[in-house]
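The values are calculated or read from the model by the stated rules, or taken from the named source; none is laboratory data. These figures come from a predicted structure and were not determined experimentally. Every residue, glycine as well, gets a Cβ built from its backbone with ideal geometry; the counts of neighbours run over all protein chains shown.
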Amino acid sequence: MRVLFLDLDTLRPDHLGCYGYARQTSPNIDAIARDGVRFENYHCSDAPCLPSRAALMSGRFGIHTGVVGHGGTGADMRLTGPSRWFRDTMASDALPNIFRRNGMRTVSISPFAERHSAWWFNAGFTEMYNTGMGGMESAEHVTPTALEWIDRHAREEDWFLHINYWDPHTPYRAPAEFGNPFADDPPPAWITEEMLDRHRQMVGPHGARELSMYSNHTDPNYPRALGELRDLADVKQFVDGYDCGIRYLDDHLGRLFQSLSEQGVMDDLLIIISSDHGENLGELGIYAEHGTADAITTRVPLIIRWPDSRAGHVDTGLHYNLDLPPTLAELLQQEPATNWDGQSFAPALQGAACGRDSLVVSQCAHVCQRGVRFGPWMYMRTYHDGYHLFPEEMLFNVVDDPHETCDVAGAHPAVCREAAARLLNWQDAMMATMPAGYHDDPLWTVMAEGGPMHAHGELHHYCTYLEQTDRAWAIPELRRRHPEEFR
């Protein structure tokens, strides 16, 4: 058995051709989707990068692992404590060990462990290749290592190869010589002049007037990454930058697939294509960031080409990324780990309907939010607004309003009550199954430590910028919500 896992950072499914995108961003990914199963409603349980991959690799929610953010206590995996023996549970239960138990060589090409000091990410891999740029890699920095490994080992039996690409991640980085394949394509129709004007009056990091987080600074090293969106021409340039990252990445995947074909292993290769989180491209007034617990940030692609899977099938069930470990275990006829929170969706590969009634997703790196995805709804509850002045509750019908332009919480109080009850029931179940010795919800640990890392200690500086950009009206409310920032 040979397995290729393509871990493509910050990849929105709705910007891939196989998910219905009109632009030609992903011909190589689309070809795999035609032969495999595509999952329509697959979400990371915890966003963004670090919490998402912690959930994927451990098979557990962030509320259980403790990894819910990018800094502070919430960025560290919880210790096992007195029950720990010679090794911790990640040594046996991490996702790569599913393949290792089958006698397979497990290999990762990724800088992720070093990027976040997340050394547990290497658990279960027998070989690790750090591409060395801490997540600032472009595809040309990753592909040579991957091609070299393929050239040396592809014909061997029994390997699992994980390759991590970063090109869709901000700052958008496709080399200038790549050009712009989308120069003649229109900008997204949903962002009208009226919508952009509305976004320019909103506040919060990575808004239309502060794409570099808290100002409109531009980095000359990344000309595709704008500092501010002044008009629809800027919006087009911005979206083109993101889509160029996807197409540039896809071209490099084509090089991998060509090499694997030349080695004679492509036809029988098992392929998994996914991401850690999506990217807000104007949704909620946020651009070039993945900072909320909404359907845009947490929804990710999943494409699986597995033997005997139903080619071209589209699964619409609700699944978490932490459901992947038990799914793979079932496919390899293994028992699931006792501490996994995930549940297998292996029957979906044969076309059977399966999935959860609802999903609870979390974000504690840019804001502190939890969301509930069920039916057509995306409900969001905000505990720390990350300076965006979000209301405590938001509700979107993401079937009719996929870009989350209209908060309908006020019009649907009964739906909000149902969502809040689902959230409370989930939290009760999580707290009742906490690891031994732990009794705290890490979301509230983040709050007690001053809030999410990316919205911590920046408000004084940001208020000065708001004054300079005619948005001083927001400062009194920011002071009211975040008095500790002004002491």
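Residue-by-condition table, conditions (1) of a type in the set (Gly, Ala, Ser); (2) surrounded by 19 or more Cβ atoms within 10 Å (Cβ to Cβ):
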| position | (1), (2) |
| --- | --- |
| Gly207 | yes, yes |
| Leu211 | no, yes |
| Tyr214 | no, yes |
| Thr218 | no, no |
| Leu229 | no, yes |
| Asp240 | no, yes |
| Ile246 | no, yes |
Only one of (1) within 20 Å of Glu484 (Cβ to Cβ); (2) surrounded by 15 or more Cβ atoms within 10 Å (Cβ to Cβ) is not met by Thr464, so which one is it?
-> (2)
Scan (1) of a type in the set (Phe, Trp, Tyr); (2) surrounded by 20 or more Cβ atoms within 10 Å (Cβ to Cβ); (3) more than 25 Å from the chain's Cα centre (by Cα) for the single condition Phe178 breaks and write down its number.
-> (2)
List the number of the failed condition for Asp231; all other conditions in (1) of a type outside the set (Ser, Thr, Tyr); (2) closer than 30 Å to Glu148 by Cβ; (3) touching a residue at least 12 places away in the same chain (Cβ under 8 Å) hold.
-> (2)
Which ones in segment 3-37 are among the basic types (Lys, Arg) and either crowded, with 24+ Cβ neighbours inside 10 Å or not assigned by TED's automatic domain parsing to the domain that holds Val142 (or both)?
-> Arg12
Tell me, which residue of segment 467-487 that is part of a helix (DSSP H, G or I) and touching a residue at least 60 places away in the same chain (Cβ under 8 Å) is surrounded by the fewest Cβ atoms within 10 Å (Cβ to Cβ)?
-> Glu477
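Tell me, yes or no, whether segment 306-321 has at least one residue that is more than 19 Å from the chain's Cα centre (by Cα), assigned to a helix (DSSP H, G or I) and either modelled with pLDDT of 95 or more or under 30 Å from His456 (Cβ atoms) (or both).
No.
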Give the residue, chosen from Arg422, Arg370, Arg381, that is buried (at least 17 other Cβ atoms within 10 Å of the Cβ) and either out of contact with any helix residue (DSSP H, G or I) (no Cβ under 9 Å at 6 or more places or on another chain) or within 24 Å of Glu210 (Cα to Cα) (or both).
-> Arg422
Among the residues of segment 351-365, is there at least one that is within 14 Å of Pro48 (Cβ to Cβ), touching a residue at least 24 places away in the same chain (Cβ under 8 Å), outside the structural domain of Asp88 (by TED's automatic domain parsing) and among the polar types (S, T, N, Q)?
-> yes
From the residues in segment 425-446 that are outside any helix (DSSP H, G or I) and in contact (Cβ under 8 Å) with a residue 60 or more places away in the chain, which one is surrounded by the fewest Cβ atoms within 10 Å (Cβ to Cβ)?
-> Ala436
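Among the listed residues Val239, Val235, identify the single one that is within 22 Å of the chain's Cα centre (by Cα), part of a helix (DSSP H, G or I) and assigned by TED's automatic domain parsing to the domain that holds Thr192.
Criteria check complete, one pass: Val239.
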Residue hits (segment 95-114; in contact (Cβ under 8 Å) with a residue 40 or more places away in the chain and either crowded, with 19+ Cβ neighbours inside 10 Å or within 28 Å of Thr73 (Cα to Cα) (or both)) are Leu95, Pro96, Ile98, Phe99, Met104, Thr106, Val107, Ser108, Ile109, Ser110, Pro111, Phe112
State which residue is farthest from Ser259 (Cα to Cα) when the search covers only segment 137-158 and only residues that are out of contact with any helix residue (DSSP H, G or I) (no Cβ under 9 Å at 6 or more places or on another chain) and surrounded by 14 or more Cβ atoms within 10 Å (Cβ to Cβ).
-> Glu137
